[in-house]
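Take a look at the structure below.
The values are calculated or read from the model by the stated rules, or taken from the named source; none is laboratory data. Nothing here was measured: the structure is a model prediction, and the numbers come from that model. Note: ideal-geometry Cβ built from the backbone for every residue, glycine included; neighbour counts use all protein chains shown. Surface accessibility is based on the protein's heavy atoms, side chains included, excluding ligands, DNA and RNA. Shrake-Rupley method; radii C 1.70, N 1.55, O 1.52, S 1.80 Å.
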Amino acid sequence: MDTGGRSGAADDVASRDRTDAPAPEPSGIWSRRHRVTTLGSTGLVFLTAFEALAVTTVMPLVSRDLDGEALYALAFSAPLAVSIVGMVAAGGSADRHGPLRALIAAIALFALGLLCAGLAPGMLVLLLGRALQGLGSGAITVALYVLVARAYPDSLHPRIFGAFAAAWVLPSLIGPVVAGLVAEHWSWRWVFLGVLALVPITAAAVLPAARAASGLNPDAARMRVAPLLLASAAATGVLAVGALAGAPSPATVPAVLGLVVVILLTVRPLLPPGTLVARRGMPSVLLARAAVAAAFFGAEVYLPYLLIERDGISPAVAGVTLTGAALSWAAASNLQARLGERASHERIVLVGVSAVAVTVALVLAATLAGWPPPVLFAAWVLGGAGMGLAFPRFSTLVLARAPESERGFASSAMATAEAVAGALVLAVSGLVVAGLATAGGTASFAAAFAIATGVAITAVLFALRMRR
């Protein structure tokens, strides 16, 4: 019996099976394969978030030094509005060519904006720098989403988006303090120039993966001028709404309503079909995310203000409320990442969105009933946890449901819807608060929280329509 021959043949087969077997999936986003990409991409998210939050601390000094008090609000609304153009441009480019081109242009624009702001001789140059930062940061967000879709397996998407959430939350803990110390001991200019020095490091970490994930996709549509023109028109409308909300008059309300209609008409082609009528599936995913973000941040703007005005709490102590929410946001993001696919994306999103709706309703009730600050703190911690659960899964859902050739478009649509919804809710709240300012007491705050509650409930209704 030729047992040796059969044994040799079996060994050959086993050897071929071992050779042909696919390599095991990487263990996580910090595995050797993904470690550098994760560091670079989360580093970019951290820098854009730090700049957005740190500027809040130093802008009073900036406007005073540059004689730009009249343009103070525009320094915040301009980056948000212009980011819409960056999102749309990056989405089209990334679908067609991959994330490399969009990411290089976005990082360059963000860095140029930091340089302009840091060296600005006057407020107009600083506004130009802030606009360039918004253009770059909006494009960075979309390009990174496409990079995630191409460089990481689907099973790791909740984890990498959880890391993005943590990278966004961390600056809310340290950004304002660090910016204040830098401005106090050196100059506010280093808040911009210091971040600029870190941009090349993060770029060097993330661009190799972007290059590997890039290449012409013939199935994707060519980049067209029309979407950019529509995005520019929407950005202009958002800026105009913000300017009107800051200067209320009898003609403001009809003017804002007219601008809202114009904005919706210009944004409609930039979103998936059926978004504005809340069609089931992807459109409702985008609307739920936009609505819950608008509700959460629309209420957050007024929460410290309420604690300072009603309860006489110092700004530093009032800020602890936001810090608690930032910590719970990071913890919940980590929890949803650990859950992985054991819980469906839709279920986790619904739980998170519902938690935010309960939170904003509690804040409204606490304002009307005069409940003490610890209640508001506890409620806002719950809201942060809700956002931490929902936001990474929103991003995962969008990438999972978009065809490969349209992931850039889907990512830009998600970010565009969020930016527009947030700006409009803030504008409407600002108008109502300004109109009730003479009423005294907490009426104006209650009105702002009532608007946020209504938007949050709407987000829950959209979340119920996410399944196709």
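What the table shows:
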{"item": "Residue among 57, 48, 42 that is open to solvent by less than 60 Å² (accessible area, probe 1.4 Å), polar (S, T, N, Q) and at pLDDT below 80", "result": "57"}
{"item": "So residue 269, is it open to solvent by 40 Å² or more (accessible area, probe 1.4 Å) and in a helix (DSSP H, G or I)", "result": "yes"}
{"item": "Single unsatisfied condition, residue 405 versus (1) modelled with pLDDT of 85 or more; (2) over 17 Å from the mean Cα position of the chain (by Cα)", "result": "(1)"}
{"item": "Search result, residues across region 272-295 that are open to solvent by less than 30 Å² (accessible area, probe 1.4 Å) and over 20 Å from the mean Cα position of the chain (by Cα)", "result": "274, 278, 281"}
{"item": "Any hit, region 137-144, residues being over 30 Å from residue 32 (Cβ atoms) and among the polar types (S, T, N, Q)", "result": "no"}
{"item": "Which listed residue is of a type in the set (Val, Ile, Thr), modelled with pLDDT under 80, under 28 Å from residue 411 (Cα atoms) and assigned to a helix (DSSP H, G or I), from 241, 253, 262", "result": "241"}
{"item": "Residues satisfying the stated conditions in region 70-81, i.e. farther than 22 Å from residue 181 by Cα and at pLDDT below 80", "result": "70, 71, 73, 74, 77, 78, 80, 81"}
{"item": "Pairs with Cβ under 9 Å, 6+ apart, first in region 181-203 and touching a residue at least 24 places away in the same chain (Cβ under 8 Å) and of a type outside the set (A, V, I, L, M, F, W, C), second open to solvent by 30 Å² or more (accessible area, probe 1.4 Å) and in a helix (DSSP H, G or I)", "result": "189/119; 202/39; 202/46"}
{"item": "Residues of region 84-135 classified as open to solvent by less than 10 Å² (accessible area, probe 1.4 Å), over 17 Å from the mean Cα position of the chain (by Cα), closer than 20 Å to residue 54 by Cα and not aliphatic (A, V, I, L, M), total", "result": "3"}
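To keep it simple, each residue is scored yes or no on (1) under 26 Å from residue 239 (Cβ atoms); (2) small (Gly, Ala, Ser); (3) modelled with pLDDT under 90.
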{"site": "427", "(1), (2), (3)": "yes, yes, yes"}
{"site": "431", "(1), (2), (3)": "yes, no, yes"}
{"site": "442", "(1), (2), (3)": "no, no, yes"}
{"site": "448", "(1), (2), (3)": "yes, yes, yes"}
{"site": "452", "(1), (2), (3)": "yes, yes, no"}
{"site": "455", "(1), (2), (3)": "yes, no, no"}
{"site": "459", "(1), (2), (3)": "yes, yes, no"}
